[in-house]
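Everything on this sheet refers to the single structure shown next.
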Amino acid sequence: GAGVSQTPSNKVTEKGKYVELRCDPISGHTALYWYRQSLGQGPEFLIYFQGTGAADDSGLPNDRFFAVRPEGSVSTLKIQRTERGDSAVYLCASSADTSEAEQFFGPGTRLTVL
Amino acid sequence: DAKTTQPTSMDCAEGRAANLPCNHSTISGNEYVYWYRQIHSQGPQYIIHGLKNNETNEMASLIITEDRKSSTLILPHATLRDTAVYYCIVRVSGNTPLVFGKGTRLSVIA
């Protein structure tokens, strides 16, 4: 079946601009996660949705970052007033609602802020 | 912060077993050991997980010491396609975020 998909695969923007990154999880997966990965580092947790609600947003670095999942499937990560330090690969993962559920990752969106 | 420590890098000859160690001396009784890997330019991929018993699946085996303070991921016959960064993660059950360290960069050499 289809895996997690993310669009766009690459996004280049200018400092100060607004960007939206999209994640389509595996159908039926109630849990959805966003991570950010800088060069040479492991992925870093940003936010976790259970259904439509953000169950844990403790990883969001500041209030320029916001994410939504209005219908409990597709999620959008929104970054306002982008900064060069926001450049990274943004990864999305989804999992079923079971106790030991593995997370399935998408290919990521590479964001470059010039 | 990650609760695991792993070697930065390892090499393995193609066709041989790759044994990747992980220390998790502060693991709690309700935490599982998970392994993921990340091939270049791809998202992480789940490999295997366990609580206290050894586990095996089609990809790998996971050996957890009796005191649960360390574990070893074994790829029985490494191929060039197994070249990746391997992450060892401890995590409670349920839907919780993964906390990644820097992992071990495994290079499989022909």
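The values are calculated or read from the model by the stated rules, or taken from the named source; none is laboratory data. Values in this document were obtained by computation on a predicted structure and should not be read as measured data. Cβ atoms come from the backbone with ideal geometry, glycine included; neighbour counts cover every protein chain shown. For the accessible areas, the whole protein counts, side chains as well, though only heavy atoms, and no ligand, DNA or RNA atoms are used. Shrake-Rupley method; radii C 1.70, N 1.55, O 1.52, S 1.80 Å.
What the table shows:
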read-out: Residue among B:17, B:60, B:84 with the largest mean-square fluctuation in a Gaussian network model of chain B, springs linking Cα atoms under 10 Å; value: B:17
read-out: Beta bridges by DSSP in the protein assembly as shown, antiparallel share as percent, to the nearest 5; value: 85 percent
read-out: Rounded accessible area per residue of chain B, 1.4 Å, Å²; value: 50 Å²
read-out: Under 24 Å from residue B:102, Cα to Cα: lysines that are on another chain or at least 8 residues apart; value: B:3, B:52, B:69
read-out: Principal axis dimensions, largest first and in whole angstrom, of chain A by Cα; value: 40, 25, 23
read-out: Note, ³J(HN,Hα) from phi for the range A:46-63, Karplus 6.51, -1.76, 1.60, rounded to Hz, x at Gly and Pro; value: 10, 7, 10, 10, 10, x, 8, x, 7, 7, 7, 10, 5, x, 5, x, 6, 6
read-out: Lys, Arg +1 and Asp, Glu -1 on Cβ, resulting dipole of the range A:1-102 about Cα centre, debye, nearest 20; value: 540 debye
read-out: Buried on assembly, the range A:55-104 (at least 30 Å² less accessible surface than by itself, 1.4 Å probe); value: A:99, A:100, A:102, A:103
read-out: Proximal lysines relative to residue A:78, as straight alpha-carbon distance under 18 Å, when same-chain residues fewer than 8 apart are discounted; value: A:11, A:15, A:17
